[in-house]
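Engineer: Quick one: this structure, given as structure tokens, is what I'll be asking you about.
The values are calculated or read from the model by the stated rules, or taken from the named source; none is laboratory data. If you're wondering where the values come from, they're calculated on a predicted model, not measured in any experiment. Glycine also receives a Cβ, built like all others from the backbone with ideal geometry; neighbour counts cover every protein chain displayed. These accessible areas exclude ligands, DNA and RNA; they are computed on the full protein's heavy atoms, side chains included. Shrake-Rupley method; radii C 1.70, N 1.55, O 1.52, S 1.80 Å.
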Amino acid sequence: MPDTLISILSENLPGVFRWAGAIARQLRGHDISLSGKKSGFADSDALTLADLSVQELLVAALRDMGPVVRECRIEAEEVTGDLGRFAERGDWVLAIDPIDGTRQYRDRTGNGYSVMLHARTPATVRYSLVYLPEEGPDGTWLEARDDRIVLGPDDPERPARSVLNALPPVAADRRRRNRRILVSGFLGQDEERARAVSAAGLEGVRGSETGGSLFPLMAGGALGGALFHTPNVYDFPVSLHLARLLGGDAVWVHDGRPVDFRELWLDERTKMLRLRGIVACAHDRAVLATLVDVARAWSPERYGRA
């Protein structure tokens, strides 16, 4: 199943992501903000008609790709689409973030939002696809599979799969030098935690300071990694995937063990599945060790006091 599943996804999803990106671009010009999320945290509560529309499209497309795909479980950030057609149990998961960066998308404060999906097992991520509809003149692609990462511009004159096939692979050896680290999820303490990372000889930055989406920045070398508090399972696993393909890893800071997805936590406040504790992710293992040392004693409780 693994090779067949990844072949099906990689062949069919790029075209679907283009459609999803076109919908997102079109809807963004209208008043599409929705209420309904009431966790009290602005980023988590951001919701638009585009989130629901894009997820509906992605779930329907996955459903129609056949029984191999429907044997997977779906973990989706929103509750919409024909989710009942997919497996309730099993090791393979397809995780969807229909609009990653919804608050930026909704408020029109930048163009770094993306459509995302990854396929994973309990141990690791096997396939990731990210499309940034408004990054560059025609959008930007990021795909990770097997031992290959590609990152580059879309070309609507050619089939989406052909564009991805023609992109040169990212070279791992020139991605290991950046010590700029995103610090995220610390609920009012991001700035303080970023300063601690900088004091350890790295450069801690908050999301508003990165200059774009984490995933292409990490793949392209503009960010060396990230330090997350209780990251969700819809977008974080893509950064884990990139780190591992580039020679690094993602680990729990309290004990340094590589992250896996065998134990997840349902955050009732945001209605999101999350990993427990603080996770460090970097493609340079020396940077990873520094992040573990910095954050080991910090509180693993998302809503508790550090």
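Engineer: I need the full set of residues from segment 229-242 which are among the aromatic types (Phe, Trp, Tyr) and surrounded by fewer than 24 Cβ atoms within 10 Å (Cβ to Cβ), in order please.
Structural biologist: Within segment 229-242, the subset among the aromatic types (Phe, Trp, Tyr) is 234, 236.
Matches in segment 229-242: Tyr234 only.
Engineer: From the list Val163, Val125, Val150, Val170, which residue is of a type in the set (Val, Ile, Thr) and at pLDDT below 95?
Structural biologist: Val170
Engineer: Sticking with this one: Can you spot a residue in segment 128-137 that is under 20 Å from Gly221 (Cα atoms), without any contact (Cβ under 8 Å) to a residue 40 or more places away in the chain, in a strand (DSSP E or B) and β-branched (Val, Ile, Thr)?
Structural biologist: Within segment 128-137 (the criterion being under 20 Å from Gly221 (Cα atoms), without any contact (Cβ under 8 Å) to a residue 40 or more places away in the chain, in a strand (DSSP E or B) and β-branched (Val, Ile, Thr)), the answer is no, since none of the residues qualifies.
Engineer: Of all residues in segment 150-159, which are over 20 Å from Gly112 (Cα atoms) and touching a residue at least 60 places away in the same chain (Cβ under 8 Å)?
Structural biologist: Narrowing segment 150-159 to residues over 20 Å from Gly112 (Cα atoms): 157-159.
The answer is Pro159, and nothing else.
Engineer: Which residues, taken from segment 45-70, are within 12 Å of Phe86 (Cβ to Cβ) and at pLDDT below 85?
Structural biologist: None - no residue of segment 45-70 is within 12 Å of Phe86 (Cβ to Cβ) and at pLDDT below 85, so the list stays empty.
Engineer: Name the residues in segment 189-206 that are touching an Asp or Glu at 6+ places or on another chain (Cβ under 8 Å) and surrounded by fewer than 20 Cβ atoms within 10 Å (Cβ to Cβ), would you?
Structural biologist: Ala200, Arg206
Engineer: State which residue pairs qualify: first residue within 28 Å of Ser114 (Cα to Cα) and among the aliphatic types (A, V, I, L, M) and inside segment 188-212, second residue in a strand (DSSP E or B) and open to solvent by 80 Å² or more (accessible area, probe 1.4 Å) in any location, beta carbons under 8 Å apart, and separation of 6 or more residues or different chains.
Structural biologist: Taking only residues 6 or more apart or on different chains, the pairs are Val197/Glu203.
Engineer: Being loosely packed, with under 14 Cβ neighbours inside 10 Å, in contact with a Lys or Arg (Cβ under 8 Å, 6 or more places away or on another chain) and either closer than 15 Å to Pro237 by Cβ or among the small types (Gly, Ala, Ser) (or both) is the filter here, so list the residues in segment 265-306 that pass it.
Structural biologist: none
Engineer: Identify the single condition in (1) more than 23 Å from Glu78 (Cα to Cα); (2) touching an Asp or Glu at 6+ places or on another chain (Cβ under 8 Å) that Met272 does not satisfy, given that it satisfies every other one.
Structural biologist: (1)
Yes/no matrix, rows are residues, columns are (1) under 20 Å from the mean Cα position of the chain (by Cα); (2) surrounded by fewer than 21 Cβ atoms within 10 Å (Cβ to Cβ); (3) assigned to a strand (DSSP E or B); (4) at pLDDT below 90:
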{"position": "Glu75", "(1), (2), (3), (4)": "yes, no, yes, no"}
{"position": "Ala95", "(1), (2), (3), (4)": "yes, no, yes, no"}
{"position": "Pro98", "(1), (2), (3), (4)": "yes, no, yes, no"}
{"position": "Tyr105", "(1), (2), (3), (4)": "yes, no, no, yes"}
{"position": "Gly110", "(1), (2), (3), (4)": "yes, yes, no, yes"}
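Engineer: How do the pairs read when you match residues in segment 243-256 that are open to solvent by 40 Å² or more (accessible area, probe 1.4 Å) with residues anywhere that are of a type outside the set (Phe, Trp, Tyr) and not in a strand (DSSP E or B), using Cβ under 8 Å and keeping only pairs 6 or more apart or on different chains?
Structural biologist: From residues that are open to solvent by 40 Å² or more (accessible area, probe 1.4 Å), the pairs are Arg244/Thr124; Leu245/Asp147; Leu245/Ala172; His254/Gly277; His254/Arg296; His254/Pro300.
Engineer: Open to solvent by 90 Å² or more (accessible area, probe 1.4 Å), modelled with pLDDT of 95 or more and outside any helix (DSSP H, G or I): which single residue out of Glu157, Glu143 fits that description? If you could, list the steps in order and put the result at the bottom.
Structural biologist: Numbers: Glu143 fails: open to solvent by 90 Å² or more (accessible area, probe 1.4 Å).
Sole residue among the options that is open to solvent by 90 Å² or more (accessible area, probe 1.4 Å), modelled with pLDDT of 95 or more and outside any helix (DSSP H, G or I): Glu157.
Engineer: I'm told Val259 meets every condition in (1) open to solvent by 40 Å² or more (accessible area, probe 1.4 Å); (2) within 20 Å of Ala95 (Cα to Cα); (3) without any contact (Cβ under 8 Å) to a residue 24 or more places away in the chain except one. Can you identify the failing condition by its number?
Structural biologist: (1)
Engineer: When you go through (1) touching a Phe, Trp or Tyr at 6+ places or on another chain (Cβ under 9 Å); (2) more than 18 Å from Leu27 (Cβ to Cβ) one by one for Leu132, which number turns out not to apply?
Structural biologist: Leu132 satisfies all of (1) touching a Phe, Trp or Tyr at 6+ places or on another chain (Cβ under 9 Å); (2) more than 18 Å from Leu27 (Cβ to Cβ) except (2).
Engineer: Out of curiosity, is Val163 of a type in the set (A, V, I, L, M) and in a strand (DSSP E or B)? Show your work before the answer.
Structural biologist: Details: of a type in the set (A, V, I, L, M): yes; in a strand (DSSP E or B): no.
Taking the combined requirement at face value, the residue does not satisfy it.
Engineer: Return only the number of the condition from (1) open to solvent by less than 70 Å² (accessible area, probe 1.4 Å); (2) within 19 Å of Ala20 (Cβ to Cβ); (3) touching a Gly at 6+ places or on another chain (Cβ under 9 Å); (4) not basic (Lys, Arg) that Leu167 does not satisfy.
Structural biologist: Every listed condition holds for Leu167 apart from (2).
Engineer: Tell me which of these Asp260 doesn't satisfy, since it passes every other one: (1) over 19 Å from Ser184 (Cβ atoms); (2) at pLDDT below 95; (3) not aromatic (Phe, Trp, Tyr).
Structural biologist: Failed condition: (2).
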